[in-house]
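The values are calculated or read from the model by the stated rules, or taken from the named source; none is laboratory data. Since the structure is predicted, the reported quantities are computational estimates derived from the model, not experimental observations. Ideal geometry is used to build each Cβ from the backbone, glycine not excepted, and the neighbour counts take in all protein chains shown. These accessible areas exclude ligands, DNA and RNA; they are computed on the full protein's heavy atoms, side chains included. Shrake-Rupley method; radii C 1.70, N 1.55, O 1.52, S 1.80 Å.
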Amino acid sequence: MTLDTTVQTTEEVVESSNGRSRRLPLSPMWMLGYVVVIAFLAFLGWGLVRAYQGPVEEGPAPDFTLTTFDGETIRLSDLRGQVVVINFWASWCPPCREEAPYLERTWRKYKDKGVMFIGVDYLDTEKKALEYLEEFDITYPNGPDIGTRIADAYRIKGVPETFFVDKQGNLRGVKIGPLRPPELDERIEALLNE
């Protein structure tokens with residue numbers, strides 16, 4: 001009686017020139033390549049799932065800290081008790097330029113009535129962002145989204161996108177695309193009257 005002590009390894013079946021099949025062990029590099037491809041496909045699949053989910057529209061607003069271009073630090077959770085308008089924008093974005101004057105006018109109208117605006121500059125250069133803020137005379141707090149952490153938390157799809165946060169810190173909707181009068185006023189009034 002003989003004992004078979006053959007160790008099974010991962011193999012690749014190859015056909016020789018005479019038509020017969022034979023098995024060759026896979027090299028560690030091939031196995032590593034398979035693992036990398038599978039990991040990449042899993043990562044891509046997760047990204048597609050997140051993209052399908054769309055922006056966060058309800059529930060507690062994801063908290064964040066933003067350092068403004070003026071060096072001020074703003075933490076969203078510190079603004080409880082106020083209505084908060086979070087606007088994602090970029091200097092290179094034509095629709096952002098379209099809505100900028102309306103945002104600033106509305107900020108000036110409501111800033112002393114328990115409303116806070118926060119501008120989150122997305123994928124921009126500081127120089128261009130500051131030029132944009134100066135061009136439109138933007139006075140509400142604005143800062144860069146370093147590493148797109150805030151944009152990722154809110155799952156934005158592009159700019160402009162504006163999120164509305166109630167006095168309790170809950171999201172109460174999102175506007176994808178530029179805001180036009182009287183839309184922003186109506187949303188703010190509804191949240192103030194709650």
### Query
Is the range 47-66 home to any residue that is touching an Asp or Glu at 6+ places or on another chain (Cβ under 6 Å) and either open to solvent by less than 40 Å² (accessible area, probe 1.4 Å) or not charged (D, E, K, R) (or both)?
no
### Query
Among (1) over 18 Å from P178 (Cβ atoms); (2) small (G, A, S); (3) out of contact with any Lys or Arg (no Cβ under 8 Å at 6 or more places or on another chain), which single condition is G119 missing?
(1)
## Note on the structure
Within the range 62-102, the count of residues that are touching a Phe, Trp or Tyr at 6+ places or on another chain (Cβ under 7 Å) and over 18 Å from G177 (Cα atoms) comes to 2
### Query
When the range 106-120 is examined, which residues are found to be touching a strand residue (DSSP E or B) at 6+ places or on another chain (Cβ under 7 Å) and open to solvent by 10 Å² or more (accessible area, probe 1.4 Å)?
W107, G114, M116
### Message
Can you pull out every residue in the range 157-188 that is surrounded by fewer than 15 Cβ atoms within 10 Å (Cβ to Cβ) and among the charged types (D, E, K, R)?
### Response
K157, R180, E186
### Query
Quick check: is even one residue across the range 86-98 closer than 16 Å to L171 by Cα, polar (S, T, N, Q) and surrounded by 13 or more Cβ atoms within 10 Å (Cβ to Cβ)?
yes
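So is L123 surrounded by 19 or more Cβ atoms within 10 Å (Cβ to Cβ) and under 24 Å from the mean Cα position of the chain (by Cα) or not?
Values: surrounded by 19 or more Cβ atoms within 10 Å (Cβ to Cβ): no; under 24 Å from the mean Cα position of the chain (by Cα): yes.
Criteria not met by L123.
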### Query
Going through the range 122-138 one residue at a time, which ones are assigned to a loop (DSSP other than H, G, I, E, B), out of contact with any helix residue (DSSP H, G or I) (no Cβ under 7 Å at 6 or more places or on another chain) and either over 28 Å from G54 (Cα atoms) or of a type in the set (S, T, Y) (or both)?
T125
